[in-house]
1. If a residue has to be touching a residue at least 40 places away in the same chain (Cβ under 8 Å) and surrounded by 11 or more Cβ atoms within 10 Å (Cβ to Cβ) to count, how many in the stretch 20-56 make the cut?
2. Restricting to the stretch 1-52, what's the tally of residues that are of a type outside the set (A, V, I, L, M, F, W, C) and under 19 Å from R66 (Cβ atoms)?
3. A2 is checked against (1) assigned to a helix (DSSP H, G or I); (2) loosely packed, with under 11 Cβ neighbours inside 10 Å and fails just one. What number does that condition carry?
4. Confirm whether L32 is of a type outside the set (S, T, Y) and under 14 Å from the mean Cα position of the chain (by Cα).
5. Which number in (1) within 11 Å of the chain's Cα centre (by Cα); (2) outside any helix (DSSP H, G or I); (3) of a type outside the set (A, V, I, L, M, F, W, C) marks the one condition that R14 misses?
Amino acid sequence: MALSKTEIKQLFERLIFEETSPHDWVEDVWGLSPLLGDSAAKLLEAFEVVIECCPEEHLEHLVLTRLPLDETI
C-alpha cells in the first residue's frame, strides 16, 4: 500500500508531536523560552523541507520502520 506525502507527513506528525499540532508545539516551546522556541521553529521548518524534498518511497520506508508495533495506518 503506497502512502501519499500528505499521509506520510501526518504519520510523522503523530509520531513526533503526538496530539499537538506542530505549530502549537512551536508556540508552546516559545512560551517556555524564546531561544528554544526559535530552535523549535527552525526544526519544524527543516521537517517540512525534508518531507517536501524526499521521494515518497523513501519517506514511506522511513515512517513504516518508525511506527510502534501497535500503531495503525
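1. Residues meeting the conditions: 2.
2. Of the stretch 1-52, the ones of a type outside the set (A, V, I, L, M, F, W, C) are 4-7, 9-10, 13-14, 18-24, 27-28, 31, 33-34, 37-39, 42, 45, 48, 52.
Adding the requirement that they be under 19 Å from R66 (Cβ atoms) leaves 4-7, 9-10, 13-14, 18-20, 22, 48, 52.
Counting residues in the stretch 1-52 that are of a type outside the set (A, V, I, L, M, F, W, C) and under 19 Å from R66 (Cβ atoms) gives 14.
3. Unmet for A2, out of (1) assigned to a helix (DSSP H, G or I); (2) loosely packed, with under 11 Cβ neighbours inside 10 Å: (1).
4. On the way: of a type outside the set (S, T, Y): yes; under 14 Å from the mean Cα position of the chain (by Cα): no.
Judged against the criteria, L32 is not a match.
5. (2)
No value in this document is a laboratory result; all are computed from the given coordinates. Since the model is a prediction, treat every value here as computed from it, not as a measurement. Every residue, glycine among them, receives a Cβ derived from its backbone with ideal geometry; neighbour counts consider all protein chains shown.
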